[in-house]
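Here the structure is laid out as structure tokens; the discussion comes afterwards.
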Amino acid sequence: MPRGTRALIGCAMLPSSSLPAAEVAVAPVVPALTFAGPGSAAAMNFSEVFKLSSLLCKFSPDGKYLASCVQYRLVIRDVNTLQILQLYTCLDQIQHIEWSADSLFILCAMYKRGLVQVWSLEQPEWHCRIDEGSAGLVASCWSPDGRHILNTTEFHLRITVWSLCTKSVSYIKYPKACQQGITFTRDGRYMALAERRDCKDHVSVFVCSDWQLLRHFDTETQDLAGIEWAPNGCVLAVWDTCLEYKVLLYSLDGRLLSAYCAYEWSLGVKSVAWSPSSQFLAVGSYDGKVVYKEAEKNPRLALGRLAFPPPRAAAGPASTTESKYEIASAPVSLQTLKPIADRANPKIGIGALAFSPDNYFLATRNDSVPNAVWIWDVQKLRLFVVLEQLSPVRSFQWDPQQPRLAICTGGGKVYLWSPAGCVSVQVPGEGDFQVLSLCWHFSGDSLALLSKDHFCLCFLETEERVGTAFGRPGDHT
Amino acid sequence: MGEWMTVTDPDLSSENKNICQYTSETKMSPSSLYSQQVLCSSIPLSKNVHSFFSAFCTEENIEQSISYLDQELTTFGFPSLYEESKGKDTKRELNIVAVLNCMNELLVLQRKNLLAQENVETQNLKLGSDMDHLQNCYAKLKEQLETSRREMIGLQERDRQLQCKNRNLHQLLKNEKDEVQKLQNIIASRATQYNHDMKRKEREYNKLKERLHQLVMNKKDKKIAMEVLNYVGRADGKRGSWRTGKTEARNEDEMYKILLNDYEYRQKQILMENAELKKVLQQMKKEMISLLSPQKQKPRERADDSTGTVISDAEEDAGELSRESMWDLSCETVREQLTNSIRKQWRILKSHVEKLDNQVSKVHLEGFNDEDVISRQDHEQETEKLELEIQQCKEMIKTQQQLLQQQLATACDDDTTSLLRDCYLLEEKERLKEEWSLFKEQKKNFEKERRSFTEAAIRLGLEKTISIHYPLWVGFLLRKAFEEERASWLKQQFLNMTTFDHQNSENMKLFSAFSGSSDRDSLTVHSRPRQKKPHGVSNGSPVRTSKLTKSLPASPSTSDFCQTRSCASEHSSINVLNITPEETKPNPVGREGTNQKWSRASRPASQEGCYSGRSSTCTNSHVEKDDLP
């Protein structure tokens, strides 16, 4: 049962050439198992395909379990054996699931009904049901301690904080309906919440342990769009709506550390990402540039900025039946979409940003060039590679342990890139498995691939520790 | 001449004119008009004159003509044609002489006039052509003036047009600017309006929200509830605490603690970075000072050099170096000093490197020096010599072999002797083989070394460090000496082999054992003074030899050989090391070679050690190997 079809996929790693190389993807299904980066051989095994609905599939934070939803059922599996450990039945079709930080509980939200059901892994008989009633429900999440649930009611009337320990219920009024209005520090100590009062934006910082308001300050934004803590939990990045290019950095105690504005008038910030070191902030904007900015104290010195140049390199496409990455030399034209000017939310600008866990790389996607993923060498501040896929990139995610990027494009393949090379693998199985989304196991050993109705796990077995296998990026440039 | 002409001519002409006028006024002769014409036109045609004269005077009017002429001539200032009258009444007589004189005078005048006329004519022509030329010039210039005037007008016109255009463009720009301003104003006003509306709507929306909230809350919505089987413990195991002022203060404290920790962490990192950088700077400075101090003298000699001034700074810095510990104490005060001194040093280094670059380029231009060429030739000669020696050694061995074979050829009838012979033969053969291989090896090594030496020499030549060649030569000499010794020893051995017989072998053994060691001693002693020159090695060599003799009771030849070889190779290696780091490559090779030799040398010894029991009685030829007890 576990790992039913052990489809063996072999692919050769192409050495990724330094800067302007780009590729498009490969992998014939052959029964050989190694894709060998320098110094390591890795095998990719695929589990059998399981049913799934609403793309709800999540690894538990401790990496032991895998939760997936099929209609109104929640299935908990062991990550290694993939055996079903628990099966919970909810009252309606599940729309959202989330593991508690200690992996003991899992919440299932049914927004339509305004219901949240919480299940315990240790005590299968234990249950908890939270009904928001006529207030409605649009979002639900765990507090970092795993004992409180924050429910956002319809129209963002309030956030209800339900405690699993006591009967207490707290309300937080005036939450702002925005892109990312709630953020927790990585250590789980503080929560920052975007609020809107008297037509002004405010940020409230709460202590998560007792939900006490620690700081409350108004931000110099027209219409705050998102907030994000730095990984060290000391700096809060606040960005304004796309109509205004404005990124503000606030200290934990509410002081404004620096403000940044690259240009005026045209559409501004589209995405923001902190570097794992908390030292830098990457800001993707609608003009297709990424500003990589030092988040320093002094606002005058703050602009260690570098605007990445627009597309420089990419690759030619390969045939559809058998795809492979081709390394293309410098001047390559990328397939670009012409933005429709008279529509709101034009498909332009940097829509996605992600730092690699080791702080070496930054992956970006320009929405007007949907087929390509740019990978930047952050240390040298230059373009490292551009990966052009055959179809628009749906999502990409870095391996949590090493510089390895998994990309999916809604096709039957999953693409992996590392500084040592890149590979594309056909997901085995009958029928078409269209990978719409993916998520890494925290160990980086496996990867869940999600399609519309199914999911499967992809196990990446490396013979040795991969950090050494792939080497430092410096070696390759 | 020309001047004179111009001066005189007008006088002449005026005089002529005066004359003409005068004549026209005074005399109304029928032919006066004609004569006047003649004079004025001054085209003297002899025929005309002749005809005129013929017409002027006839038989009848001689008297009148004469009187006329006389009158005329006197008016012109000529003497009268008549003789001076004695009385009023008397008829005046014609003076022939006076007439002739007058005629002559007239002719002379005529000639003069002709000449003058000619001159005037040429002058006239000249002036005419000049005039033409000037007129042409004038015309041309006039034309030019005209065209340039036209051009100027054109340009002015264009300028005017451009200015006009510019003005238009300015106007357009201004209009555009105005437009932009207007649009911006519109945008701003719209934005404010929009914001206002938004605010209004948001307020309404907030009111609605508030109302909704109230409704939702007031409805006593029973649905809003949480059903829990049982409450679970907190993740940290603690009980929830009440919110009090205390907790608030604690939270504040914690927050500031976190912030402080972060700042401290960062400060620590910065400090570490600073310390690292300081260390690097100091290290750099130290190295620079040490690097630059030996060159201090040189640039100072060249006082005109720009570095001269900086050198003094360098000296100061060298002094500062001793006070370095101070730097660690107070960064603030010394920071500037440090950076400044580093900068200075860097400048010096830079200039020095540039100088070196220049020198190198110069050297490249000059090509190889004569000295270097000579040294290379020497090398070649030496290697040739060595090769020759090897050849000689080979020949020696050959003859030895032949002799041995001859000896073998003189067969013995005795079984025991033959057996012994065989035994000996085997051994000897083996030994010879060994020796043969040894020689081959040696040769190979010589070749190798020769190559490396030549290479080294070339590089050395490039670097102009001839002094370093010296130890090399010592090495060569050593080897050469050794070769000679070896050759002589072989000769000796050969002689021994041929002359001594079996009976003497025992004695010989003893003797040779003794002599061998003494030989060795003498050799080491011998080699020592030579080794004195290559520094540092001489001390080590005796120890080495003693060890050798102890550990390797093999033939003195091999041991000695090894010893000297190693010495030589060490010399070479040391020298090579002194030369350049790249030169170390051949060095390990050389060492390996010697090591091989060691093993090779030791092997026969041990083998022979085993054999010695039997072979001792055989011949005295391998006496030297029977040192084993």
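Using r as the Cβ-Cβ distance of A:Leu256 and B:Lys142, and R0 as 60 Å, what FRET efficiency do you calculate, to the nearest 0.05? With a Förster radius of 60 Å, E is 0.15. Calculate the spin-label point distance for B:Asn206 paired with B:Glu179, positioning each point 7 Å from the Cα along the beta-carbon direction, and give it in nanometres. Inter-label distance under the simple model: 4.1 nm. Of the whole protein surface, A:Asp78 contributes about 40 Å² of accessible area at a 1.4 Å probe radius.
Close amide-amide hydrogen proximity is noted between B:Leu81 and no other residue 5 or more places distant or on a separate chain, at a cut-off under 5 Å (H modeled in the peptide plane; Pro and chain starts excluded).
Between the amide H of A:Arg382 and those of A:Asp377, distances stay under 5 Å, these residues lying 5 or more places away or on another chain, with hydrogens modeled in the peptide plane.
Take B:Asp253: with every protein chain present and a 1.4 Å probe, its accessible area is about 100 Å².
Please compute the net charge surrounding A:Cys69, taking Lys and Arg as +1 and Asp and Glu as -1 over other residues with Cβ under 11 Å from its Cβ. Neighbourhood net charge equals +3. The trypsin sites (Lys or Arg not before Pro) of the range B:87-183 that meet both conditions, a loop assignment by DSSP and at most 12 other Cβ atoms within 10 Å of the site Cβ, are B:Lys88, B:Lys91. A Förster radius of 35 Å, combined with the Cβ-Cβ distance separating A:Arg197 from A:Thr89, puts the computed FRET efficiency at roughly 0.25. Amide H contacts under 5 Å for A:Phe361: A:Ser356, A:Val378, restricted to partners 5 or more places along the chain or on a different chain, H placed in the peptide plane at 1.01 Å from N. Across peptide A:200-211, the mean count of Cβ atoms from other chains lying within 10 Å of each residue's own Cβ comes to 3.
Taking GluC sites (Glu not before Pro) across the range B:66-157, the ones in a DSSP loop with at most 12 further Cβ atoms lying within 10 angstrom of their Cβ are B:Glu84, B:Glu93.
If R0 is 60 Å, the Cβ-Cβ spacing of B:Gln391 and B:Glu287 corresponds to a FRET efficiency of close to 0.70. Simple point charges give the picture: +1 on the Cβ of Lys and Arg, -1 on the Cβ of Asp and Glu, and for the range A:174-296 a dipole about the Cα centre of about 200 debye.
Each label was represented as a point 7 Å from its Cα along the Cα-to-Cβ direction; for B:Gln123 and A:Lys112 these points are 13.3 nm apart.
Of the residues B:Leu145, B:Gln184, B:Gln135, the one whose Cα sits farthest towards the positive end of the charge dipole of the range B:95-219 is B:Gln184 (charges of +1 on Lys and Arg Cβ, -1 on Asp and Glu Cβ, taken about the Cα centre). Placing unit charges on the Cβ atoms only, positive for Lys and Arg and negative for Asp and Glu, gives the range B:95-219 a dipole magnitude near 2060 debye about its Cα centre.
With the whole protein complex present, A:His156 retains an accessible surface near 50 Å², based on a 1.4 Å probe. Computed extension gain for B:Lys350 through B:Asp197, at 0.36 nm per residue and net of the alpha carbon distance, reaches 48.2 nm.
The values are calculated or read from the model by the stated rules, or taken from the named source; none is laboratory data. What you see is a predicted model, and the numbers here were worked out from it, not measured in a lab. Here Cβ is always computed from backbone atoms with ideal geometry, including for glycine, and neighbour counts include all displayed protein chains. What goes into the accessible areas is simple: the full protein's heavy atoms, side chains included, and nothing from ligands, DNA or RNA. Shrake-Rupley method; radii C 1.70, N 1.55, O 1.52, S 1.80 Å.
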